[in-house]
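These notes are about the structure you will find just below.
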Amino acid sequence: MPKINIKINTVKIGKKFNILLLFTQQIYMQLLEEIDGFLKTFGDGMLKDRISYSLTRDRYDSIYYKKLNMKKIGRFLSAEKSNKYVYFHFENYDLKVEARGDGVFKFSWTDGPKLPVENIEFDDLQLHDNTVSVGNYSISLDENGLYLKDQDGKLIYQGYIPDFNEVLSQSLRIFGDDLFSGLGEKAGPINLRGHVYRLWNHDAKGSYGPDSDPLYLNIPVLLHLHDDVSYLIFFENAGDATVDIGFSREDKVTFYFKSKPMVYYVITGDIKSIYSKFSEITGKPYRPPYWAFGFQQSRYSYMSSAEVRSIVDRFNELGIPLSAIYLDIDYMDEFKVFTFNSDRFWDVKDLTKYLGERGVRLITIMEPNVKMEPGYTIYDEAVKNGYFIKYPDGNIFYAPVWPLMAAFPDFSRNDVREWWGKKYDFMKKNGVSGFWHDMNEPAIFVAWGDNSMALSAAQSNGSHSEVHNLFGYYMDKAAYDHLSKTERPFILSRSGWAGISRYAWIWTGDTETSWKEMKQNLLTILHMSASGISLTGCDIGGFVGSPDAELFIRWLQSAIFYPLFRVHSNKKSKRREPWEFGEKYLGIIRDIIKLRHSFLPQIYSEAISSSITGIPMIRPVYWYSSNPDMLLVDDEYLFGDSILVAPIFSEHSTSRIVKLPPGLWYNLYSDEKVFGEIKVEAPLNMIPIYIRSGSIIARDEGKLILHVFHSEEGESAKIYIDAGGEDSELDISVSKDGKINIHRGSSIKAVTIKFHGVYVKGITINGNTKYIEDNLFEIEEGVNELQLIFQ
């Protein structure tokens, strides 16, 4: 083997360390020579950088990263009320209790890094015989821990006294056949009980399937349902953690944190109110642009302006709706963020104009790393102003990613976020409409060990070990804070933390292509909903692999009401544009996409409602039934309160059993009224969809039509309609005797209504009767009341 010249960058951390590093480098020089053949064979030009980084990371962490060494809590001493709060005094710590009468409780044992949560107002607590009372709740304490009870004495939550040492652990009681959901992005079953999960934002290294863990977005939040009681527990901690949900002990859930603080909330009530209250702490979802809910086409990668034009032209020729098309990393100049490859995309302004004339937006991928290249403006500015994350000794943190060695902005700093946000102006001036944040866990290419940042890397709000899970969140905030000054931005992010929907959408990342993973996508999205995340979706068809026509169609159908409706795949996957599956299936695919677009008014309205209430749009069936048999329904979902989707998750299946929540439901296609458990036929061109009676659904059928699904109790809805970037409200109610009241914003003119489930033969307005056909009629501008004439 020929000799090779290798230079590994070293850093000055002290004489002893440099000697140790030199010795270690000598060992690895031999290793590098051995793998020189590998380099030539496989062309991994960054392997030396990976090894260099992994060495440097390990040495820094061995010196600067320190595990916790906490005193034990000790025995309980006394309780004291101070101002509105109550303190339980222990030998070595004080537990501060804050609470609201509507069922929000905060327990603080230690301080720690400042995290992005809202300072909500709490009520004045009462203390009597070591028992705290507020509203209809009481909190008591004994040697076994804390007990939260309602006014009838029913136990809602029991938390044991924490254990402090090298980790901070908090255990909760499991009562019986309990259900647990949440923890962010988890590829687990509908009930996470019996499993152990890590909370550490982590690149899945190109592909993952069911049970892979950890993934890109992790949040220490868990929904707990037991005995018709529900509560949410949320920890203010963005560091590394592990959660044991009844795995080691069937009667306990235990959170283990490697860093401070130990501060957590318990929120109780009905499930929807829980998420509304949770959003007061973490922030409510933002209001996205209307177009973002349409069909989006992506691939790693479309390689030139000409290719993008041809794809968009083909969509138009075939009459397939398209809202946006993506550019993956190959559009950049040497993978440098905020650049375009001038050979492939020399005419980007003309390209975005061309797309815009056809109703299509351009979305570009954005990376959080900056190539280490003097003369590259972004890099030079950040070095000059000290914007990059550094090691504790002041050296800039460098690591290999797509542009080879790169540095990373400290997004936890306000000034860095402001600087970074302004850089998006360059993209906007070139006509880019949306941004796709990738690799922001952050992901790093390593030779061994964790594929992320050194634990000892210093950020403004703590060491990376303490705030790792906030990196992507703050990158998204940087973009959102700047872009939202002039528009409702579209930001799709791979990573984040609690409250991420206030800034960005989340998708399930680089999933494998399989029938099992298609179903797992739904379960993962349901766990994200249980974590308070509203704007979610997946790579339709899976990222790695090539679905056949049946799998692709069923995947497209399953995602029909996911907020994000995007097809994406990697370079090795077969092309996945709708026409690639052949003429036999093109019509089915086109019809699914058209069906999605017909529901855009309803989807948009639900998104605006979510931004007001904080309640996620995608919901599991068990939210709407206390029946134990409904707790484990894992192959259906609800969009809002009114629409139930029952996808086909089995190959060659053309029928399935659907379990409907209590009440009467309508088959979307036939208007058949059904309830309970039913068997439904579902040929390849059909996905079972049901509408709850009493619902009013907005659809675009060439014009806006409100579909009223009759209920004996009447119907009502508040619908938010996009009015050129603003929202216009439409309130409509139908009494059980047929009186309609409607109130609308000034931008809403005539309103068309179609009734289902009852025959309407006419309407009376101001004493004048008009007979109608097909249960369809128009309410003209200025008319706010009318009477239906039933058959």
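The values are calculated or read from the model by the stated rules, or taken from the named source; none is laboratory data. Predicted model, so just to flag it, every value in this text is computed and none were measured. In this analysis, Cβ positions are derived from the backbone assuming ideal geometry, glycine residues included, and neighbour counts consider all displayed protein chains.
Candidates are the residues of the range 170-195 that are of a type in the set (A, V, I, L, M) and not in a loop (DSSP other than H, G, I, E, B); the one that is farthest from the chain's Cα centre (by Cα) is LEU172. Being assigned to a strand (DSSP E or B), surrounded by 15 or more Cβ atoms within 10 Å (Cβ to Cβ) and of a type outside the set (A, V, I, L, M) is a description that applies to PHE107. Of the residues that sit in the range 308-361 and are closer than 25 Å to VAL401 by Cβ and among the acidic types (Asp, Glu), which one is surrounded by the most Cβ atoms within 10 Å (Cβ to Cβ)? Applying the filter and picking the extreme gives ASP328. Set side by side, the residues TYR666, TYR637 differ, and just one is buried (at least 19 other Cβ atoms within 10 Å of the Cβ), touching a Gly at 6+ places or on another chain (Cβ under 7 Å) and in contact (Cβ under 8 Å) with a residue 40 or more places away in the chain, which is TYR666.
Yes or no, residue by residue, for (1) in the same structural domain as TYR147 (by TED's automatic domain parsing); (2) assigned to a strand (DSSP E or B); (3) farther than 28 Å from ILE219 by Cβ; (4) among the aromatic types (Phe, Trp, Tyr):
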{"position": "GLU80", "(1), (2), (3), (4)": "yes, yes, yes, no"}
{"position": "HIS89", "(1), (2), (3), (4)": "yes, yes, yes, no"}
{"position": "ALA99", "(1), (2), (3), (4)": "yes, yes, no, no"}
{"position": "GLU121", "(1), (2), (3), (4)": "yes, no, no, no"}
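Would you confirm whether or not the range 149-169 contains a residue that is modelled with pLDDT under 95, among the hydroxyl-bearing types (Ser, Thr, Tyr) and not in a strand (DSSP E or B)? The answer is no; no qualifying residue exists. Restricting attention to the range 593-634, the residues that are assigned to a helix (DSSP H, G or I) and without any contact (Cβ under 8 Å) to a residue 40 or more places away in the chain add up to 5.
Of all the residues in the range 212-256, those that are in a loop (DSSP other than H, G, I, E, B), at pLDDT 95 or above and not small (Gly, Ala, Ser) number 12. For the range 555-586, enumerate the residues that are out of contact with any Lys or Arg (no Cβ under 9 Å at 6 or more places or on another chain), closer than 20 Å to GLU651 by Cα and part of a helix (DSSP H, G or I). Those that are out of contact with any Lys or Arg (no Cβ under 9 Å at 6 or more places or on another chain), closer than 20 Å to GLU651 by Cα and part of a helix (DSSP H, G or I): TRP555, GLN557, PHE581, LYS584, TYR585, LEU586. For the range 160-187, filtering for residues that are farther than 30 Å from GLU91 by Cα and buried (at least 17 other Cβ atoms within 10 Å of the Cβ) leaves 10.
Just the residues that are crowded, with 24+ Cβ neighbours inside 10 Å, outside any loop (DSSP other than H, G, I, E, B) and touching a Leu at 6+ places or on another chain (Cβ under 9 Å), please, taken from the range 491-523. Matches in the range 491-523: ILE491, LEU492, SER493, ILE500, SER501, TRP505, ILE506, TRP507, MET518.
When the residues of the range 220-253 are filtered to those that are buried (at least 20 other Cβ atoms within 10 Å of the Cβ) and of a type in the set (Ser, Thr, Tyr), the one that is farthest from GLY176 (Cα to Cα) is TYR231.
Here SER82 meets the list (1) surrounded by 15 or more Cβ atoms within 10 Å (Cβ to Cβ); (2) at pLDDT below 95 almost entirely, failing just condition (1). The combined condition, being assigned by TED's automatic domain parsing to the domain that holds THR268 and touching a Ser or Thr at 6+ places or on another chain (Cβ under 8 Å), is not fulfilled by LEU115.
Screening the range 602-634 for residues that are among the β-branched types (Val, Ile, Thr) and more than 23 Å from GLU517 (Cβ to Cβ) and picking the one that is surrounded by the most Cβ atoms within 10 Å (Cβ to Cβ) gives ILE615.
Among the residues of the range 736-782, those identified as in a loop (DSSP other than H, G, I, E, B) and aliphatic (A, V, I, L, M) are ILE748, ALA750, VAL758, ILE772. Within the range 270-278, is even one residue farther than 26 Å from PHE490 by Cβ, out of contact with any Ser or Thr (no Cβ under 8 Å at 6 or more places or on another chain) and of a type in the set (S, T, N, Q)? Yes.
Of all residues in the range 583-620, those being touching a helix residue (DSSP H, G or I) at 6+ places or on another chain (Cβ under 7 Å) and more than 20 Å from SER558 (Cα to Cα) number 3.
Between ALA454, ALA443, the distinction of being under 24 Å from the mean Cα position of the chain (by Cα) and assigned to a loop (DSSP other than H, G, I, E, B) belongs to ALA443 only. Against the test of being touching a helix residue (DSSP H, G or I) at 6+ places or on another chain (Cβ under 6 Å) and either in contact (Cβ under 8 Å) with a residue 24 or more places away in the chain or outside the structural domain of LEU786 (by TED's automatic domain parsing) (or both), the options ILE719, ILE705 yield a single qualifying residue, ILE719.
Please specify each residue of the range 151-177 satisfying the condition of being farther than 22 Å from VAL263 by Cβ, among the acidic types (Asp, Glu) and touching a residue at least 60 places away in the same chain (Cβ under 8 Å). The one that is farther than 22 Å from VAL263 by Cβ, among the acidic types (Asp, Glu) and touching a residue at least 60 places away in the same chain (Cβ under 8 Å): ASP177.
Yes/no matrix, rows are residues, columns are (1) at pLDDT below 95; (2) touching a Leu at 6+ places or on another chain (Cβ under 6 Å); (3) not hydroxyl-bearing (Ser, Thr, Tyr):
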| site | (1), (2), (3) |
| --- | --- |
| SER625 | yes, no, no |
| ALA646 | no, no, yes |
| THR654 | no, no, no |
| ILE657 | no, no, yes |
| PRO661 | no, no, yes |
| TYR666 | no, no, no |
| TYR669 | no, no, no |
| TYR690 | no, yes, no |
| GLU726 | yes, no, yes |
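Residues in the range 446-475 that are aromatic (Phe, Trp, Tyr) and buried (at least 21 other Cβ atoms within 10 Å of the Cβ): PHE471, TYR473, TYR474. Residues that are under 30 Å from ILE553 (Cβ atoms) and without any contact (Cβ under 8 Å) to a residue 60 or more places away in the chain are absent from the range 738-751.
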